[in-house]
Amino acid sequence: MRTSRLLNKTLFDDPSDAETNSHRLLARGGFIRKIAAGVYSYSPMMWRTLRKISQIVREEMDAAGGQELMLPIIQPIELWEESGRADAYLKAGIMFHLKDRRGGEMCLGPTHEEVITDLVRNTIDSYKQLPVTAYQIQNKYRDEFRPRFGLMRGREFIMKDAYSFDIDELGLDASYQAMRAAYVKIFARCGLQFVIVEADSGAIGGAASEEFMVTADTGEDALLTCPACGYGANVERATSVLAAGEAGGEPREMHLDETPGITSVEMLTSFCKRPASRMVKTVLFEATFADEVKVVAVLIRGDQDVNDVKVLNALGALDIAVAGDETVVRVTGAKPGFAGPVGLEGVTLLADESVQGMTNFLCGANRTDHHLLDVNFGRDVDLPPVHDLRAGQPGDTCARCGEGRLGGLRGIEVGHVFKLGTKYSEAMKASFTTKDGKAAPFVMGCYGIGVSRIAAASVEQNHDDKGIVWPVPLAPYEVVIVPMKMDDDTVVQAAEKLYVDLRKAGIEAVLDDRPGRPGPKLKDSELVGYPFRVICGRSLAEGNVEVERRSEGEKQLLPLGDAAGWLTQAVQEGRAGMATSPAATR
């Protein structure tokens, strides 16, 4: 490809809404163009990278026994009503919902469990046809409340979703492990550093799930990992050993204290001379159910934080959000910061395990500028139903091995594998005939990969102050040739010869044949992130060209006649030589 013919335009300035390196550099490099919030056009350069990622995914999925198909993006809402997920997605506002000209309700597929289940129930009749794993690579649509981070959280994105159908749980285990192993190979071939962590199944549901997280400081997800045993989990799922708090002693008489303007645990610790572990926080949420919205109060020890996802799962709600100030005032009769369980009415109460056994604790009094001291469960207030609602924290002791201290990481989710079991097959009456002649529901698994997210995650891990540093397997082109003087016949002829030789050798090369000063060309090549750059300039007087490996900044002079051979070997090694990533497995 010649740059003069390339449909691409680099930018000098960062986009005003760019919050991450990948968003900033992909936009500046001309890879993506925003046309609406969370919706992007992919330039030919970006599409080449996405096709390479898709091909890696396709090869490993096929090798693991997957069969590629294509399912419709437009789906009838009746399928979602069959599975019982329509209300959850519609009330959460995440599903694009429309009506056709006949009044039929349709949606743009955010995922395809219902559609694939419908296909299989109408295709497979007998256990003899199982197991089956099918996958597709196509666009998905989710009406994100706050699209952000460029390709990280968009409303239209490219995803690989696979679904396995088995006779029983043993079959599901085998299919799950095959997909898990394929994912390790896929992300290693893409040159990503990643960890595998336990995860919450979310709206997809199912008995177990794991996420593949690319480690990056800008990752949306907080992770906890144990260096001692290799345990890893998303904070939504993570468990840890709760450190003991200070003993409260024998119950004393509850009393009301004036605490003017003291609205936080930190302020109370100083004002009341009590450690946070002797306090009970009351956190109010608004939980959305199929037919109503309830206010929920969660009690947790003062030195701990509530995990919203655990609360959502404990309630079985469709959605949950921290209550706004108006709701707090209406429910408690006090300004925010003074909520407490004593006398709190008209709300659903839950308690975290951390409050069990606490005596003489401090809590809000549901009265502005006042707190209650020496409160005790069973006497002053009943202990609500107890659940694990606590968010694990870095430094906590690992619950798995009981020895290691959990460390905190940030991650970008690029893959997620689920054991769905019979959640969808039972709801949608999808069954097969067993060896005994009986009907049994399919036992299912679900396996997703964010294809467009992989591109963004790669940039997050591979960039410098000059621009993107693509790994060879994902680079849109592998080599760029920069003639320093387009009006010098010797320079132009050398660049043209090298360009032709590389293409004949099967190397994806770009010749920057644009007229003008060399400075902008060199800056563009660094911004775009070609793995190798060849400069044809002054060194040609001695018969040499300058070759640079982008990832290392390594420059060397090579004879013009040797350059094509050296580059061919280096590119081929880069295509095949991505080291296995140090994945943290459970």
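The values are calculated or read from the model by the stated rules, or taken from the named source; none is laboratory data. It should be emphasised that the depicted structure is a prediction, and the values quoted were computed from it without experimental measurement. A quick note on method: Cβ atoms are made from the backbone with ideal geometry, for glycine too, and the neighbour counts reach across all protein chains shown. The area values use the complete protein model at the heavy-atom level, side chains included, leaving out ligands, DNA and RNA. Shrake-Rupley method; radii C 1.70, N 1.55, O 1.52, S 1.80 Å.
Of all the listed residues (Asp524, Asp465, Asp513, Asp501), the sole one being touching a residue at least 60 places away in the same chain (Cβ under 8 Å) and within 22 Å of Gly553 (Cβ to Cβ) is Asp524.
Mind checking whether some residue in the stretch 40-58 is charged (D, E, K, R), within 30 Å of Val528 (Cα to Cα), touching a Phe, Trp or Tyr at 6+ places or on another chain (Cβ under 8 Å) and open to solvent by 20 Å² or more (accessible area, probe 1.4 Å)? Yes, the stretch 40-58 contains at least one residue that is charged (D, E, K, R), within 30 Å of Val528 (Cα to Cα), touching a Phe, Trp or Tyr at 6+ places or on another chain (Cβ under 8 Å) and open to solvent by 20 Å² or more (accessible area, probe 1.4 Å). Tallying residues that are open to solvent by less than 10 Å² (accessible area, probe 1.4 Å) and under 12 Å from the mean Cα position of the chain (by Cα) within the stretch 403-416 yields 4. Given the condition over 25 Å from Tyr40 (Cβ atoms), in contact with a strand residue (DSSP E or B) (Cβ under 7 Å, 6 or more places away or on another chain) and without any contact (Cβ under 8 Å) to a residue 60 or more places away in the chain, answer yes or no: does some residue in the stretch 404-417 qualify? No, the stretch 404-417 has no match at all. Among the strands (runs of 3 or more DSSP E) confined to the stretch 83-183, the ones with at least 2 residues that are touching a residue at least 60 places away in the same chain (Cβ under 8 Å), within 28 Å of Thr218 (Cα to Cα) and in contact with an Asp or Glu (Cβ under 9 Å, 6 or more places away or on another chain) are located at 132-141.
Consider Gln493 carefully, then state whether it is open to solvent by 10 Å² or more (accessible area, probe 1.4 Å) and either closer than 30 Å to Met213 by Cβ or modelled with pLDDT of 95 or more (or both). For Gln493, the condition - open to solvent by 10 Å² or more (accessible area, probe 1.4 Å) and either closer than 30 Å to Met213 by Cβ or modelled with pLDDT of 95 or more (or both) - is not met. The residues of the stretch 6-27 that are open to solvent by less than 50 Å² (accessible area, probe 1.4 Å) and within 25 Å of Val479 (Cβ to Cβ), listed by number, are Leu6, Asn8, Thr10, Asn21, Ser22, Leu25, Leu26, Ala27.
Is the stretch 243-258 home to any residue that is open to solvent by less than 20 Å² (accessible area, probe 1.4 Å) and among the charged types (D, E, K, R)? Scanning the stretch 243-258, I find no residue that is open to solvent by less than 20 Å² (accessible area, probe 1.4 Å) and among the charged types (D, E, K, R), so the answer is no. Answer yes or no: is there a residue in the stretch 506-519 that is modelled with pLDDT under 95, in a helix (DSSP H, G or I) and under 41 Å from the mean Cα position of the chain (by Cα). Within the stretch 506-519, one or more residues are modelled with pLDDT under 95, in a helix (DSSP H, G or I) and under 41 Å from the mean Cα position of the chain (by Cα). If the condition is being open to solvent by less than 30 Å² (accessible area, probe 1.4 Å) and either of a type outside the set (Gly, Ala, Ser) or within 15 Å of Gly553 (Cα to Cα) (or both), then the stretch 527-539 contributes Leu527, Val528, Gly529, Tyr530, Pro531, Phe532, Arg533, Val534, Ile535, Cys536.
Exactly one residue among Ala563, Ala570 is within 35 Å of the chain's Cα centre (by Cα) and either more than 30 Å from Val197 (Cα to Cα) or modelled with pLDDT under 90 (or both), and that residue is Ala570.
Within the stretch 270-289, being in a helix (DSSP H, G or I) and either among the basic types (Lys, Arg) or touching a residue at least 12 places away in the same chain (Cβ under 8 Å) (or both) holds for Phe271, Cys272, Ala276, Ser277, Arg278. In the stretch 535-558, the condition of being among the β-branched types (Val, Ile, Thr), touching an Asp or Glu at 6+ places or on another chain (Cβ under 6 Å) and either at pLDDT below 90 or part of a strand (DSSP E or B) (or both) is met by at least one residue.
Yes or no: the stretch 304-316 includes at least one residue that is farther than 23 Å from Val386 by Cβ, among the aliphatic types (A, V, I, L, M), open to solvent by 30 Å² or more (accessible area, probe 1.4 Å) and not in a strand (DSSP E or B). The answer is no, given that none of the residues of the stretch 304-316 is farther than 23 Å from Val386 by Cβ, among the aliphatic types (A, V, I, L, M), open to solvent by 30 Å² or more (accessible area, probe 1.4 Å) and not in a strand (DSSP E or B). Cβ-Cβ contacts under 6 Å between residues 6 or more apart (or on different chains), taken from a first residue in the stretch 533-551 that is under 12 Å from Val482 (Cα atoms) to a second residue that is among the hydroxyl-bearing types (Ser, Thr, Tyr) and open to solvent by less than 30 Å² (accessible area, probe 1.4 Å), are listed as Arg533/Ser525; Glu546/Ser539.
Listed conditions (1) modelled with pLDDT of 95 or more; (2) closer than 30 Å to Thr269 by Cβ; (3) not hydroxyl-bearing (Ser, Thr, Tyr) are all met by Gln393, apart from (1). Number of residues in the stretch 59-80 that are in a helix (DSSP H, G or I), among the aliphatic types (A, V, I, L, M) and surrounded by 14 or more Cβ atoms within 10 Å (Cβ to Cβ): the value is 3. Within the stretch 333-369, restricting attention to residues that are within 27 Å of Asp396 (Cα to Cα) and among the β-branched types (Val, Ile, Thr), the residue that is farthest from the chain's Cα centre (by Cα) is Thr359. For Arg400, indicate whether it is open to solvent by 40 Å² or more (accessible area, probe 1.4 Å) and within 29 Å of Val355 (Cβ to Cβ). So Arg400 fits the description; yes.
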